[in-house]
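No value in this document is a laboratory result; all are computed from the given coordinates. Quantities reported herein were computed from a predicted structural model and do not represent experimental measurements. Cβ placement follows ideal geometry from the backbone for every residue including glycine, while neighbour counts extend to all protein chains displayed.
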Amino acid sequence: MNILLIYLEVPPTFWSFKHALKFVNKKAALPPLGLLTVSNLLPSNWQKRLIDLNISKLKDSDIEWADYVFISGMIVQKASAIETISRVKKWNKFIVAGGPLFTTGYSEFEEVDCFVLNEGEITIPMFLEDLQKGTLQRIYTSKEKPDITKTPAPDWSLIRMKDYASMALQISRGCPFNCEFCDIVIINGRIPRVKTPQQVIAEFDALYDAGWRGSLFVVDDNFIGNKAKVTEILKEIGAWMKKKKRPFVLYTEASINLADDPEIMHLMREANFNCVFVGIETPEEEGLQSCGKVQNTNKNLQEKVKILQNNGFEVQAGFIVGFDTDTVKTFDNMIRFIQSSGIVTAMVGLLNALPETQLFQRLQSTGRILKKPSNGNNTDFTINFIPKMDVDTLILGYKRVLNSIFSPKNYYSRIKTHLKEYRQTSKAPPLPISLQLRALTKAVWKLGIREKGQRHFWKLFIWTTICRPKMLPNAITLSIYGFHYRRVLMSQV
């Protein structure tokens, strides 16, 4: 049996880093972790081939070779899904689709022959059993949450690691919080399920043995969702890192209450974490209360960010405008908070109601839903419901936030604020000298000579060289990220 696994193309979005990857000669930010794991849930005697459309083009010979075509992706990859499915069907191939895009939107894809939805550890065996019996159904779905201690490791043999800027690994699924706008609790549940320490170390060993050295994204919905179990795992990772001389530098997503736990922050430093994404959403208490973001309420959020920075973590953060409680003052409040906190990577999105979320259900019950989200892009200017604020005022205010925080002057200023607070403890394996020189040369050319606002780049460069010389690689990396963000936003404004 020949199985073609296709990972859909990610368009140029905030998190795609497409414009930044060219500086270091990489093709994609992250590998398709879901499909790599699915590969090892399929029979080992099947022949498998993976085409990541972010890395290479799909050839007719690939489609012709396949007996079954498995397709996966997220909402942001919808356009690629439509194009790819249409092309594969011209070859009359049997298409099996799964992943977040199809789990919440399968009804929009009539040409797909079979949907294997929700978590594959449950639904793939159901599919395989019926396939063997010749009684395939069109939809396989289950609300059951699998025990991920039985989840196989990813099949790293299907990719060329050098094409990617970072590898990815999952330690847990689910989040104990219940934010109204978030679909994590719909997809992965509120009770975090965690792998065993032995399982995690085995996956670290597999990556190490495959030759990977560098960044590793722990893709968990909330890394500290189960603090007791993650504490055990961090102790094992820390010992492994010490033994292996820190071959990976880790980053992840977590709730802001990480800043309240000195032990876990210490263990994360020992495990060589250097960055954490947190969902701040809004600096306004009323907004946090309205969307159920209870873990952020009654806190000095700027102080929490500073604690994380002082403990060796670059803080990336998500923000949202469009809550019912927002006013015209919200936009300025957000700009001030982002600038003063030194959050360089600040992803500000326009609120959209994702299918099946509490937000979607509430708005639908009052007739405020206009349509399903169109593309899953966090930073475009479409909204799928009727906001309380005048929609033109909301979108203009949103654009003003983006134009302000990503202007060269404000962006480079935030890098400086971040570097003043950041106490680096991690040790990242250095890029090859050739890649370092390439990145630096392109940064100087594109940011210091060609791009408008180049004087702000040089002011940061000189300040860092004099005041934080060891942080110069960080400053250059964050500057390159800014180039990407501005390119993406310019294409949309």
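Assuming a ≥ b ≥ c are the square roots of the Cα gyration tensor eigenvalues, decide whether the stretch 130-283 counts as rounded (a/c under 1.5), prolate (otherwise, with a/b larger than b/c) or oblate.
In terms of gyration-tensor shape, oblate.
Please report the relative contact order for the chain, taking Cα pairs under 8 Å with a sequence separation of at least 6, and give it as a percent rounded to a whole number.
14 percent
How many percent of Cα pairs in the stretch 2-140 exceed 26 Å?
Details: 1960 of 9591 pairs.
The calculated P(r) of the stretch 2-140 puts 20 percent of pairs beyond 26 Å.
Mind ordering 91-104, 430-443 by average Cβ neighbours within 10 Å, highest first? Don't skip to the end; give the middle numbers.
Values: 91-104: 20.2, 430-443: 13.6.
Descending mean neighbour count gives 91-104, 430-443.
What is the distance, in nm, between label points placed 7 Å from the Cα along the Cα-to-Cβ direction at Lys427 and at Thr196?
3.1 nm
Straight-line reach only, C-alpha to C-alpha below 16 angstrom: list the aspartates and glutamates that Lys162 could link to, leaving out same-chain residues fewer than 8 apart.
Asp52, Asp209
Testing the spin-label approximation: label points 7 Å from Cα along Cα→Cβ at Val328 and Met1. State their distance in nm.
6.2 nm
Evaluate 2.2 N^0.38 Å with N set to the residue count of the stretch 166-421, then give the Cα radius of gyration divided by it.
Ratio of Cα Rg to 2.2 N^0.38 Å: 1.05.
Provide Rg and Dmax in Å for the stretch 274-396, with only Cα atoms included in the calculation.
15.0, 46
Once both labels are modelled 7 Å past Cα along the beta-carbon direction, what's the Lys470-Thr149 spacing in nm?
Between Lys470 and Thr149, the label points sit 4.1 nm apart.
Students often get this wrong, so check it: of Lys416/Lys470; Lys57/Lys78; Lys18/Lys59; Lys145/Lys235, which have C-alpha atoms separated by over 19 Å?
Lys18/Lys59; Lys145/Lys235
Reported to two decimal places, what Rg/Rh ratio describes the chain when computed on Cα atoms with Rh from the Kirkwood expression? Each step should come with its number before you reach the end.
Working: Rg = 22.4 Å, Rh = 23.7 Å.
Checking Rg against Rh, the ratio lands at 0.95.
Cysteines without a disulfide-compatible partner in the chain, using Cβ under 4.7 Å as the rule?
That list is Cys114, Cys175, Cys275, Cys291, Cys467.
Please express the Cα-Cα pair-distance distribution P(r) of the stretch 394-493 as a list of whole percents, one per 10 Å bin, running from 0 to the bin with the greatest distance.
14, 45, 31, 9, 1
Kindly provide the trypsin sites (Lys or Arg not before Pro) of the stretch 447-493 that DSSP labels as loop, not H, G, I, E or B, and whose Cβ sees at most 16 other Cβ atoms within 10 Å.
When the trypsin sites (Lys or Arg not before Pro) of the stretch 447-493 are filtered for loop state and at most 16 Cβ neighbours within 10 Å, Lys452 remain.
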